[in-house]
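Notes follow the structure.
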Amino acid sequence: MFVCRMKENGRKLCFVRASNMSVVKQALTIAKPLPEKGEEVYIVVKSGIVLHMAQTERRDAPELPDFSLLKRIARDQLIFLLEQLPGRKDLFIDADLMSPLDRIANVTILKQHEVDKLYKVELKPIVSISDQLCFLIRPRIQTVKWISDLVNSDKAAGRFRKYKIIFTPQKFYACETVLEEQGVYGYITTDEWNFYILPLDDDILSLELPEFFRDNFLEGDQRWVSTGGGALHLLQSVYGSFSKVYGIGRCAKMVYETWREQMEDGDLRTKQPEFAKVFLIDRDVDFITPLCSQVVYEGLVDDIFRIKCGSVEFGPDVTSSDKSIKVMLNSQDKVFNEIRNEHFSNVFGFLSQKAKNLQTAYDKRRGMDIQQMKAFVADELKGLKQEHRLLSLHIGACESMMKKKTKQDFQELLKTEHSLLEGFEIRECITCIEEHINRQVSMIESLRLLCLLSLTENGLLSKDYRSLKAQYLQSYGIDHLLTFANLRQLGVLVEQQPGETLTVMESKVGKLVNDKTVGKLTDAFSSLAKKSNFRALSKRLALVPKSGDEYDLRVPRDMAYIFSGAYIPLSCKLIEQVLERDGWTGLEEVTRMLNGHEFAVTAGGNSSEARTKTDAQRIILVMFLGGCTYSEISALRFLGKERGCRFIVLTTAITSSARLLEALLDNHA
Amino acid sequence: MTRAKPEDDEYWNRSKLKAFTFDDEDDEFSRLKESKRTVNSLVMDDDDEEDDFEKVSWSGEPVGSISWSVKETASSNRSGSEQGFPKIDTTSSLSKQGSGYSLSSLFRAKSKSGGFPSFSESFSETSIRTYAPELRKPKSDRKNFVSDLSPEETVRRMQKGRAYSLEKFRSLQDKLLLLDEAVALYDGNVIAAVLIYLKTSLNKEILFRELMSRDVALRHYVHYLKEMGEQKLLVELLKALGRTEDMALMQYKEHLGIKDEGRRRDFLKSCLSLPFSQDDATHVQDHYELLERQIIIEASDKKADGEIFKKFPRKASILNMPIITTLYYSCFYHYGESEGTYSSPANIRKTFRISEKQYILTALGARAKLKLWFDVDSLFNTKNWLGYTKKKSPIGFHKVVDILHKNNAPISVLQEYVNLIDDTEVKLSMALKYKCHDIVINTYRDLKDRQQLVVYRAKLERDSVEYRKVQEILSNGQIRWKN
């Protein structure tokens, strides 16, 4: 084996020549890892093939556990529950459970267990003629009320049927109380389907509970806390226990507590863990990151086309035909897998290179004899065709996104966003947002920028708040009064309040001088109180790189690349720092600014001895309570590559600026 | 640190339970539990020292260690969970009864057999427990003492979905203890269940009063009432809490459910007297006036047969549209009406205090859509004291050009406005973008940029007017080119 290293234009290159691949594999896994950090590796095997390994495979990335097991568990439990209602039955499914259900079971499986017809829950009268009805629903009062009405109207009509409600992931007392109050308790059997986790990809697990965010952070309802604990408990039961838990946030603490109690409860065997560290983080620790425009391919696709349960529907403008196509976006899609974490500006180049390669591969056919052609068709053609199909889809998606994003507005908004993060020319930013509102351009976009403004500036000046709110209501409807109340409650769009001490001071001063002077003093005080946590945090953690520095997006140097080099996501930076320090020591100032609630816990017993350099030690589970964005996942993947570890994201749901804000709108009945 | 043997503890607790579960000794039992609790809360720290398998420092460094692989552990019944979460320095052990039918029990067979157990097997076992949860418990547990359990044990049973009874919690003190225990479990589901019980068994004034000092429980209660649609009670609650602004908003929200516009208007009118904050009161007033006006406009425009309505039939009703949309509508269909009419742009502008900038933007959009360039012109015309007209705009002229272009304005109109852009660079780029040749040429001339002019000439059609103009300028010997 022969290794050659060189530097070229700041890139570290490493050429490995070997007789065959197994030798190379060996080289990559020996104790002193080859290649070094930051190197691009080119492997030249005897036959002359050059494998560009980019920076991705620079260290032996630990193998991820097989999460398909979770699907099997969920499916088997569902089948068992369906069997609890023997005979033919019609199944009513909550709309937002349909996609998750699709990922783990198909219609055939349901039919095999005597499900006759499938209906979507629409809260309207039903047409089913079956004498057994089964409802697969989230535990929501509204749905249960609808079912109760249904049962009661059947009773009134003298119709006899059997009813079963399967709540997932669990039932709530409040729902059962509804059944009781409506006089149908006893006529309906209820069950729980503990379908806690849906694996969306090799490294993404989702609870598929978007309502977690609003319920927990806006309404202050802790109904999902034990669900979060249950999900962790499930993972632990299947994949082994953890040696270390870190976390930050009020909800994170509670989830940890309920999880710990469940741990004590069940009997877990000490088995070799498949991952060892867990990091729990509340969404309200960092609202800025999910509110930034996503510019990494996967995030951008989500922002524009909305990925639903790991699948996206590309419309006619992408497919350049008259029909839409649904595509699964995950690591199985070879083309997507290579571009998903790339900054959008790199994707085009990559795809066109890929297209050229494809052409070359097709061209090989020319001059082949029959035998070769036969082999070609047998071995390669199918793969090439598949790649062809995917390539043309992603190129189509790129084009469509380019069209939308190259509009003047987008550039300007992106500039505004970056200025806000940097704390630069805030007046101009406000003018820009104002104009956006005045022209009635996207209601959500306007709101997003207002929130970013408030979060980065630690609240808006009173006069700005009032004027922007008034203009917003004029442009998008006065109903949004309620939306503003929600945003204020959550603290994402607020008026600057003079600090408490200042108020005391004012009242003292107020006794001494006349009202007019007090007014002036208040102005002065509030400008003093304008000290922003984000600015301080950003400075402390170096979240915003100095402007003027050139940032080569093709060779990302830190996680900021996911936002064009303008900002390192706070959430991911925290995770990086805590893992680096193995705790919160040295981050006291940071946690104080984040309102505390941080913790780090080590498991006792022999697991600490077992903390050797096993693969599991380099797999870290990050649980986002209240949702995480694809950009954050990309940032963590980058971090993992940098540090030679892998992150698994467990989130209550995939979120985005639009989803997050839509959850807070209240302008509809 | 020494570790207490969980089995010992369990045995001790259980045997004690066994001894005190005769019905006639109810009171004694609960009193005993009560005093035990008191004692425990006094010597909390020492207790923790004894059964410290969960000694943990929240502030960062681990103090002790957690045993995570405890088998069939039933730790002490005592708990420090009454403490508020943020304050805890050490998480005290929280008790658990033997496992119910949590998912983990499904995996019991797994490592024994090595393979994965068949699901129907493990489930049938579970289901037995579901239907007869008490059968598999130790004898002491099997007795019917669910009604004898302490508040803490009760909420724990509730959390696990096991049989429980709330009937015995009759004194206010017991009820509140129950609530506080539920809150200490962090389980919103259990908190809601207890609240539902308190709702039916306590006078609402008393419940409201107690909730005032219990923020977590209060938020659960508010959310529960919202979900149940118990608007009236919710309003009463908020009022009792003195949260008048929230109450006002809550009532205002009801209008969203009213379909009929007349009733909606009347409802909004009734909202005017609600205790909104000063700003919000203005907005709600606007909302009412807006809908009232929209109803009037809609009624007359629905049957309107003026020329403009024939030429551009209305696509939708104006009801419930935002103020700016209404203004746009009025600039489109009712432009030039006198300020006295409800539907005139001037009246709408005045009533809803619309800024000049906003007004110009909206009117510009509407008039440009109709391709009435004269109206567009007059929007920006101002006369100075000498009577000269001059164009002025509160929005940048480059924005004006953008809007005009979006509405397919002819080049002559665009050109006029591009010319009004102050910043030469912006002007030039706009002129290039919209192919306003004259402006491009003149600007290059003014910049004395010969090279650019030559480049630009190449883009023009030979012998066109512009081409000749460039030729003329380039051959003008009087210009001192900078390049």
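The values are calculated or read from the model by the stated rules, or taken from the named source; none is laboratory data. Nothing here was measured: the structure is a model prediction, and the numbers come from that model. All Cβ positions, glycine included, derive from the backbone under ideal geometry; neighbour counts span all protein chains shown.
Within region A:597-610, restricting attention to residues that are over 13 Å from A:Tyr246 (Cα atoms) and facing chain B (nearest Cβ under 10 Å), which residue is modelled with the highest pLDDT? Break it down into steps so the answer makes sense when it comes.
First, the residues of region A:597-610 that are over 13 Å from A:Tyr246 (Cα atoms): A:604-610.
Subsequent filtering for residues that are facing chain B (nearest Cβ under 10 Å) retains A:604-608.
Numbers: A:Gly604: 57, A:Gly605: 47, A:Asn606: 45, A:Ser607: 46, A:Ser608: 44.
Applying the filter and picking the extreme gives A:Gly604.
Within the set of pairs 6 or more residues apart or between chains, which connect a residue that is farther than 26 Å from A:Lys469 by Cα inside region B:332-353 to a residue that is crowded, with 19+ Cβ neighbours inside 10 Å and among the polar types (S, T, N, Q) with Cβ atoms less than 6 Å apart?
Correct list of pairs: B:His334/B:Ser343.
With respect to A:Asn330, is the statement that it is in a helix (DSSP H, G or I), at pLDDT 85 or above and not hydrophobic (A, V, I, L, M, F, W, C) true? Outline the logic, then answer.
Details: in a helix (DSSP H, G or I): no; at pLDDT 85 or above: yes; not hydrophobic (A, V, I, L, M, F, W, C): yes.
Answer is no for this residue.
Go through the residues of region B:265-281 one by one and say whether even a single one is closer than 23 Å to A:Tyr465 by Cα and crowded, with 20+ Cβ neighbours inside 10 Å.
Taking region B:265-281 and keeping what is closer than 23 Å to A:Tyr465 by Cα, we get B:272, B:274-281.
Checking the rest, the ones that are also crowded, with 20+ Cβ neighbours inside 10 Å come to B:276, B:280.
Yes - at least one qualifying residue is present in region B:265-281.
Select, from B:Ile403, B:Ile395, the only residue that is in a helix (DSSP H, G or I) and closer than 16 Å to B:Leu364 by Cβ. Lay out the reasoning, then the answer.
On the way: B:Ile395 fails: in a helix (DSSP H, G or I).
So the residue among B:Ile403, B:Ile395 that is in a helix (DSSP H, G or I) and closer than 16 Å to B:Leu364 by Cβ is B:Ile403.
Can you name every residue in region B:407-422 that is over 14 Å from B:Leu379 (Cβ atoms) and not polar (S, T, N, Q)?
Kept after step one, since they are over 14 Å from B:Leu379 (Cβ atoms), are these residues of region B:407-422: B:408, B:410-412, B:414-415, B:418-419, B:421-422.
Across region B:407-422, the qualifying residues are B:Pro410, B:Ile411, B:Leu414, B:Val418, B:Ile421, B:Asp422.
Scan B:Leu237, B:Leu225, B:Leu195, B:Leu178 and give me the residue that is surrounded by 19 or more Cβ atoms within 10 Å (Cβ to Cβ) and free of Cβ contacts under 8 Å to residues at least 24 places away in the same chain.
Working: B:Leu237 fails: free of Cβ contacts under 8 Å to residues at least 24 places away in the same chain; B:Leu195 fails: free of Cβ contacts under 8 Å to residues at least 24 places away in the same chain; B:Leu178 fails: free of Cβ contacts under 8 Å to residues at least 24 places away in the same chain.
Testing whether each residue is surrounded by 19 or more Cβ atoms within 10 Å (Cβ to Cβ) and free of Cβ contacts under 8 Å to residues at least 24 places away in the same chain leaves just B:Leu225.
For region A:74-96, give me each residue that is without any contact (Cβ under 8 Å) to a residue 12 or more places away in the chain and among the hydrophobic types (A, V, I, L, M, F, W, C).
Initially, region A:74-96 is screened for residues without any contact (Cβ under 8 Å) to a residue 12 or more places away in the chain, giving A:76, A:80.
Listed by number, the list holds a single entry, A:Phe80.
How many residues, within region A:448-500, are acidic (Asp, Glu) and without any contact (Cβ under 8 Å) to a residue 40 or more places away in the chain?
Taking region A:448-500 as the starting set, the residues that turn out to be acidic (Asp, Glu) are A:457, A:464, A:479, A:495, A:500.
From the residues that got through so far, the ones that are without any contact (Cβ under 8 Å) to a residue 40 or more places away in the chain too are A:464, A:495, A:500.
The number of residues fulfilling the criteria is 3.
Which one of these is in contact with a Ser or Thr (Cβ under 8 Å, 6 or more places away or on another chain), over 24 Å from A:Gly565 (Cα atoms) and touching a residue at least 12 places away in the same chain (Cβ under 8 Å): A:Leu384, A:Leu393, A:Leu420?
Working: A:Leu384 fails: in contact with a Ser or Thr (Cβ under 8 Å, 6 or more places away or on another chain); A:Leu420 fails: over 24 Å from A:Gly565 (Cα atoms).
Criteria check complete, one pass: A:Leu393.
Within region A:351-381, which residues are exposed (fewer than 14 other Cβ atoms within 10 Å of the Cβ) and under 22 Å from A:Tyr297 (Cβ atoms)?
A:Ser352, A:Gln353, A:Lys356, A:Asn357
Of all residues in region B:308-331, which are within 13 Å of chain A (Cβ to nearest Cβ) and in contact (Cβ under 8 Å) with a residue 40 or more places away in the chain?
Within region B:308-331, B:Leu319, B:Asn320 meet the criteria.
Mind checking which residues of region A:76-108 are within 14 Å of chain B (Cβ to nearest Cβ) and acidic (Asp, Glu)? Step through it out loud before you land on a result.
First, pick out the residues of region A:76-108 that are within 14 Å of chain B (Cβ to nearest Cβ): A:76-86, A:104-105.
Within region A:76-108, A:Asp76, A:Glu83 qualify.
Which of the residues spanning region B:309-321 are loosely packed, with under 14 Cβ neighbours inside 10 Å and either outside any loop (DSSP other than H, G, I, E, B) or more than 41 Å from the chain's Cα centre (by Cα) (or both)?
Residues satisfying the conditions are B:Lys310, B:Lys311.
Count, please, the residues in region B:322-333 that happen to be surrounded by fewer than 22 Cβ atoms within 10 Å (Cβ to Cβ) and under 15 Å from B:Ala299 (Cα atoms).
Qualifying residue count, region B:322-333: 1.
How about region B:207-222: which of its residues are within 11 Å of chain A (Cβ to nearest Cβ) and free of Cβ contacts under 8 Å to residues at least 12 places away in the same chain?
If the condition is that a residue be within 11 Å of chain A (Cβ to nearest Cβ) and free of Cβ contacts under 8 Å to residues at least 12 places away in the same chain, then B:Asp215, B:Arg219 are the ones that fit.
For region B:350-374, which residues satisfy the criterion of being surrounded by 15 or more Cβ atoms within 10 Å (Cβ to Cβ) and within 11 Å of another protein chain (Cβ to nearest Cβ)?
Residues satisfying the conditions are B:Phe352, B:Ile354, B:Ser355, B:Lys357, B:Gln358, B:Tyr359, B:Ile360, B:Leu361, B:Thr362, B:Leu364, B:Gly365.
State which residue is modelled with the lowest pLDDT when the search covers only region A:646-669 and only residues that are over 11 Å from the mean Cα position of the chain (by Cα) and under 20 Å from A:Ile339 (Cα atoms).
Going through the qualifying residues, I end up with A:Arg646.
Got a sec? Which helices (runs of 4 or more DSSP H) wholly within region A:90-165 have at least 1 residues that are farther than 26 Å from A:Ala74 by Cβ and basic (Lys, Arg)?
Values: elements: A:95-104, A:107-112, A:141-156.
So the answer is A:141-156.
Scan region B:390-418 residue by residue and report those that are polar (S, T, N, Q) and surrounded by 12 or more Cβ atoms within 10 Å (Cβ to Cβ). It would help to see each step written out before you state the result.
Restricting attention to region B:390-418, the residues satisfying the condition of being polar (S, T, N, Q) are B:393, B:407-408, B:412, B:415.
If the condition is that a residue be polar (S, T, N, Q) and surrounded by 12 or more Cβ atoms within 10 Å (Cβ to Cβ), then B:Ser393, B:Asn407, B:Gln415 are the ones that fit.
Select the helices (runs of 4 or more DSSP H) contained entirely in region A:386-482, then report the ones holding at least 3 residues which are under 27 Å from the mean Cα position of the chain (by Cα).
On the way: elements: A:408-422, A:426-438, A:443-457, A:462-476.
In region A:386-482, the matching helices (runs of 4 or more DSSP H) lie at A:408-422, A:443-457.
Please give the helices (runs of 4 or more DSSP H) falling wholly within region B:165-229 in which 3 or more residues are closer than 23 Å to B:Met247 by Cα. Break it down into steps so the answer makes sense when it comes.
Details: elements: B:172-184, B:188-201, B:204-212, B:215-228.
Filter on region B:165-229 gives B:188-201, B:204-212, B:215-228.
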